[in-house]
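The values are calculated or read from the model by the stated rules, or taken from the named source; none is laboratory data. Keep in mind the model is a prediction, meaning the values are calculated, not measured. Glycine gets a Cβ as well: all are built from the backbone with ideal geometry, and neighbour counts include every protein chain shown. Protein only, heavy atoms only, side chains kept; ligands, DNA and RNA dropped before computing areas. Shrake-Rupley method; radii C 1.70, N 1.55, O 1.52, S 1.80 Å.
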Amino acid sequence: AASRRCDRVTNALYATDGSLYQISPFAVACPKDRDDVVTLAKYAAEQRIPLIPRGAGTGVAGESLGDGLIVDFSRHMHQIQHIGPETVRVEPGVVHQQLNQRLREVGRYFPPDPANTATTTVGSMLALDAAGSHSVRVGSMRDHVLSVELVTASGHLLDFGVEALAPRSDGLESDSESGGAKQTILRRLARLLKDHADLIGERQPASIFRNRAGYFLRGILSGDQLHLPRMLVGSEGTLACFTAATLHTSPLPNHRGALLLVFPSLEAASLAVQTVALQQPSACDLIDRRLLSLARETDPRFAAMIPDAAEAALLIEQTGYHERQIQQRLDMLKTAVGELPEPGKLAFEAFTPELVDWLWTL
C-alpha cells in the first residue's frame, strides 16, 4: 500500500518546491505501484480532495504545490520496465539522467534534455512538455511519446496512444467498465474537438512553434483517430495521474561538438541566434550575464575563458557522422556569426564527449 504522511514535518517539506511559493498540503502519499494510484484517486474522489502529482519538485512556477493530497511518484515508482529496439517503458518517477545512462548501454538515448536532468523525473517532463537546449532539433516531450498509462479522477486505469474512434472489433478490450470509460472519453473529446475546430485553429495556429498556455489541442483529432498522448503531455496533472509511459528513443549521435560564443550585449547575442538558426544546429542556448557570473564563481575553468565584460553568450552544439564534419559545421557557424555587426568572440570549443557535457553544465 502507499505510504501516507500528514504530520507537520512532512507537510512542511512538501509545502515548497523550486518556486517562491509555499502551500501546506492536506497530506502526502507515496504510491508503490499503479494500484495504489487507483486507490488514491477513488479515495480523493469520495472525499472531494484534490490530487497533486509531484516529481522532484524542481519546478519554478509552483506546479507541484497545493492544499490537497500530494502524490510523490519519485519515492517508489521509478522502474524502467522495458527497453525495446526503439522504445522504452518507464514509470513516472524515473530520473531523466538515470534513464539515459541505461539507454546508453544499448546505444540509444532519450532526446529531450531539461536543465535539471540529474533530478528531473520523466513524469514531470510529461506533465510540463519539457524540452531543453536541443528542442530546436528534436522538439519537445510530446514529440517522443508513444502511449501513456494513466489513472483518471474516477479511478479508472487506462492506456492511451493513437486511438481509433470506432469501437475495437478484435475483442481485446480491457474489462467492460474501463473499456466503457475509455470509449466515453474518446467520443466526448472528439465531439468537443469537432465543435470547436475553428476556435482551436484560430488560437493555436501551426505557425506558433511552442506555447505552454492551456491544453495542446491542435491536430489531436485527425480523421477518425485521436492522438491522445500529444494532448495529455503538458496537462500538468490536471487531466489524470500518469503511472507509466512508452517513449521513443533515438540512436546516440556518432560525434558531437560545441562552442561557446560571448557577446558584448544581450541584444547582440539575441540577434546572432537568427544567424545561428540558419546553420541548423542540434542545440542552441542563450546564457545571460547572471549565469555567466555564477559559472565564473563556480568553476575556475569558466573564469579563465569567460571575460568579465561579457554580457551574454551562446552555447551551440552540432552533431555529425565524423569529427571532420563536426569541425566543418562549427567553422561555418563561426564564420557566419563573425560577419555580424556585433560578432561574438569564441571563448571555448569542445569536441570530446566529456568536454561537451562539461560545457553544457553552464
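Just to be sure, is Glu91 surrounded by fewer than 21 Cβ atoms within 10 Å (Cβ to Cβ), among the acidic types (Asp, Glu) and touching a residue at least 24 places away in the same chain (Cβ under 8 Å)? Spell out the reasoning first.
Values: surrounded by fewer than 21 Cβ atoms within 10 Å (Cβ to Cβ): no; among the acidic types (Asp, Glu): yes; touching a residue at least 24 places away in the same chain (Cβ under 8 Å): yes.
No, not satisfied.
Say we look at segment 167-211 and pick out the residues that are of a type in the set (S, T, N, Q), over 28 Å from the mean Cα position of the chain (by Cα) and open to solvent by 90 Å² or more (accessible area, probe 1.4 Å); which of these is modelled with the lowest pLDDT?
Among those that are of a type in the set (S, T, N, Q), over 28 Å from the mean Cα position of the chain (by Cα) and open to solvent by 90 Å² or more (accessible area, probe 1.4 Å), it is Ser169.
Go through segment 201-218 and give me each residue that's in contact (Cβ under 8 Å) with a residue 12 or more places away in the chain and among the small types (Gly, Ala, Ser).
Gly201, Ala206
Would you mind finding the one in Gly257, Gly237 that is farther than 30 Å from Gly62 by Cβ and touching a residue at least 24 places away in the same chain (Cβ under 8 Å)? Full working, then the answer.
Values: Gly237 fails: farther than 30 Å from Gly62 by Cβ.
Being farther than 30 Å from Gly62 by Cβ and touching a residue at least 24 places away in the same chain (Cβ under 8 Å) holds for just one of Gly257, Gly237, which is Gly257.
Taking only pairs six or more apart or across chains, which ones have beta-carbon atoms under 7 Å, a first residue in segment 332-343 that is farther than 11 Å from Ile316 by Cβ, and a second residue that is surrounded by 13 or more Cβ atoms within 10 Å (Cβ to Cβ) and of a type in the set (Gly, Ala, Ser)?
Note: pairs meeting the criteria are Leu340/Ala272; Glu342/Ser265; Glu342/Ala268.
Val138 passes all but one of (1) open to solvent by less than 50 Å² (accessible area, probe 1.4 Å); (2) modelled with pLDDT of 95 or more; (3) of a type in the set (Val, Ile, Thr); which number fails?
That leaves (2) as the condition not met.
Quick check on my filter: what residues within segment 247-288 are polar (S, T, N, Q) and in contact with a Pro (Cβ under 9 Å, 6 or more places away or on another chain)?
The first filter runs over segment 247-288 and keeps only residues polar (S, T, N, Q), leaving 249-250, 254, 265, 270, 274-275, 279-280, 282.
Those that are polar (S, T, N, Q) and in contact with a Pro (Cβ under 9 Å, 6 or more places away or on another chain): Thr249, Ser250, Ser282.
For segment 343-362, what are the residues that are farther than 16 Å from Arg301 by Cα and more than 28 Å from the chain's Cα centre (by Cα)? Talk me through it step by step, then tell me what you get.
Let us first name the residues in segment 343-362 that are farther than 16 Å from Arg301 by Cα, namely 343-345, 351-353.
Once the filter is applied, which keeps residues that are farther than 16 Å from Arg301 by Cα and more than 28 Å from the chain's Cα centre (by Cα), segment 343-362 yields Pro343, Gly344, Lys345.
Looking only at segment 13-40, which residues are among the aliphatic types (A, V, I, L, M), touching a residue at least 60 places away in the same chain (Cβ under 8 Å) and either surrounded by fewer than 21 Cβ atoms within 10 Å (Cβ to Cβ) or in contact with an Asp or Glu (Cβ under 7 Å, 6 or more places away or on another chain) (or both)?
Answer for segment 13-40, where residues must be among the aliphatic types (A, V, I, L, M), touching a residue at least 60 places away in the same chain (Cβ under 8 Å) and either surrounded by fewer than 21 Cβ atoms within 10 Å (Cβ to Cβ) or in contact with an Asp or Glu (Cβ under 7 Å, 6 or more places away or on another chain) (or both): just Val38.
Taking the condition of being closer than 21 Å to Gln274 by Cβ and open to solvent by less than 10 Å² (accessible area, probe 1.4 Å), how many residues in segment 311-334 meet it?
Total meeting the criteria: 9.
Under the condition of being open to solvent by 90 Å² or more (accessible area, probe 1.4 Å) and of a type in the set (Lys, Arg), which residue from segment 41-83 is nearest to Tyr109 (Cα to Cα)?
It comes out as Arg75.
Just for strands (runs of 3 or more DSSP E) wholly inside segment 212-294: which have at least 1 residues that are farther than 30 Å from Asp72 by Cβ and either open to solvent by 60 Å² or more (accessible area, probe 1.4 Å) or hydrophobic (A, V, I, L, M, F, W, C) (or both)?
On the way: elements: 225-227, 241-248, 255-263, 283-288.
Per the criteria, 225-227, 255-263, 283-288.
Quickly run through segment 100-126 and pick out the residues that are assigned to a helix (DSSP H, G or I), surrounded by 16 or more Cβ atoms within 10 Å (Cβ to Cβ) and in contact (Cβ under 8 Å) with a residue 24 or more places away in the chain.
Leu103, Val122, Gly123, Ser124, Met125, Leu126
Does segment 319-339 contain at least one residue that is within 24 Å of the chain's Cα centre (by Cα) and modelled with pLDDT under 95?
Restricting attention to segment 319-339, the residues satisfying the condition of being within 24 Å of the chain's Cα centre (by Cα) are 319.
Narrowing the set further to residues that are modelled with pLDDT under 95 leaves 319.
Yes; the residues of segment 319-339 include at least one that is within 24 Å of the chain's Cα centre (by Cα) and modelled with pLDDT under 95.
Quick one: in segment 335-362, which of the residues that are aliphatic (A, V, I, L, M) and outside any helix (DSSP H, G or I) is most open to solvent (accessible area, probe 1.4 Å)? Spell out the reasoning first.
Residues of segment 335-362 aliphatic (A, V, I, L, M): 336-337, 340, 346-347, 350, 355-356, 359, 362.
Now narrow it down to the ones that are outside any helix (DSSP H, G or I): 340, 346-347, 350, 362.
On the way: Leu340: 42, Leu346: 71, Ala347: 24, Ala350: 0, Leu362: 38 Å².
For segment 335-362, the residue satisfying everything is Leu346.
Take Ala12 and decide whether it is among the small types (Gly, Ala, Ser), farther than 15 Å from Glu149 by Cβ and more than 18 Å from the chain's Cα centre (by Cα). Steps first, answer last, please.
Values: among the small types (Gly, Ala, Ser): yes; farther than 15 Å from Glu149 by Cβ: yes; more than 18 Å from the chain's Cα centre (by Cα): yes.
Yes: the conditions hold for Ala12.
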